[in-house]
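Values quoted throughout were computed directly from the atomic coordinates according to the rules given, and no laboratory measurement underlies them. Computed from a prediction, not measured in an experiment: that's the story for all the values here. A quick note on method: Cβ atoms are made from the backbone with ideal geometry, for glycine too, and the neighbour counts reach across all protein chains shown.
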Amino acid sequence: MTDTLKLLIADDEAPARSRLRELLSDIHNVEIVAEAKNGQEALNLINDNKPDIVLLDIRMPEMNGIETAQHLQKMIPSPAVIFTTAYDSYAIQAFDLNAVDYLLKPIRFERLQAAINKAHALLPKQLESIAALNPHRTNISIAERGRILLIPIADVIYFRADQKYTTLRTVEKEYLIEESLNHLELEFGAGFIRLHRNCLAAKAYILGYEKRLPETHDALLDESNIDHDDKNPDKHWVALLKNIPETIAVSRRQQRLIREN
């Protein structure tokens, strides 16, 4: 870190931001480079301003502080995070056990100064331990050219596993992410269907199912496990998707989905 620490404040309450500005004005080696009202705005400003430290409120609309911290881990280097919170004792205990620095509101000057003096980037294990306080992300983050790109879960048509990477498909394009399909299913399973062992499709983007001959753009990931038509073994079930021409092959194991729909 430089002699002057660049700091970003993220809090949805204007009085809380004002209070932090007032306290920080008495700390000589700190420069406030930006302020944000929610996590998504904070990430955009962090991309542009590259702060050394982020004062991050936990309870914010659109994207809370814990999810924001999860996305920040993909930045290189990742800024130090100091959570600000009015959480209950159970959550505070989770922070204490994992040595994550936090400021309990109302924030005192001495405590703020001490936190800034010892600020450091979150360790992966620390973040993993407190992620249980925020079970579902609203976005998938991708590190791209030194910036964090957010893909809203609502825009994801499917996740498809391919060797060590997973492909995330939106209407506009595909992205490669380093997250396992099993982990994504545990987190987002309520909105997605496992059509095949290698593919999770968003329920909102499935138009229906039909039998058809194999085509090069079908997601035929395991031919031996595709549900073929006994009367016409060249045909198989596929899921039709909204807004894109691709289809996803439905495995024999998942053929019950067709009957249910």
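At 222 nm, what helix-only mean residue ellipticity would the chain give, in deg cm²/dmol to the nearest 500, using -39500 (n - 2.57) for each DSSP H run of four or more?
On the way: 8 runs with 68 residues, N = 261.
That calculation yields -7000 deg cm²/dmol at 222 nm.
Enumerate by residue number the trypsin sites (Lys or Arg not before Pro) in the range 11-60 meeting two conditions: DSSP loop (anything except H, G, I, E, B), and at most 16 other Cβ atoms within 10 Å of the site's Cβ.
Details: sites: Arg17, Arg19, Arg21, Lys37, Arg59; in loops: Lys37, Arg59.
Sites meeting the loop and neighbour criteria: Arg59.
With a threshold of 26 Å on the Cα-Cα distance, the over-threshold entries among Lys74/Lys242; Lys50/Lys164; Lys74/Lys203; Lys74/Lys173; Lys6/Lys118; Lys125/Lys164 are Lys74/Lys242; Lys50/Lys164; Lys74/Lys203. In the list [x] 30, 23, 16; [y] 26, 22, 16; [z] 46, 17, 15, the label attached to semi-axes √(5λ) of the Cα gyration tensor in Å as derived from the coordinates here is [z]. Residue exposure proxy: His236, His196, ordered by other Cβ atoms within 10 angstrom of their Cβ from fewest to most, comes out as His236, His196. Scalar couplings 3J(HN,Hα) for the range 135-146, obtained by applying the Karplus form with A = 6.51, B = -1.76, C = 1.60 to θ = phi - 60°, are x, 10, 6, 9, 9, 9, 9, 10, 7, 9, 6, x Hz; x denotes Gly and Pro.
Judged by the ratio a/c of the largest to the smallest principal axis of the C-alpha gyration tensor, the range 5-133 counts as rounded, that ratio being less than 1.5.
Across the range 9-21, computed HN-Hα scalar couplings (Karplus, 6.51 cos²θ - 1.76 cosθ + 1.60, θ = phi - 60°) run 9, 10, 7, 7, 9, 4, x, 5, 5, 4, 4, 5, 4 Hz from first to last residue, x flagging Gly and Pro.
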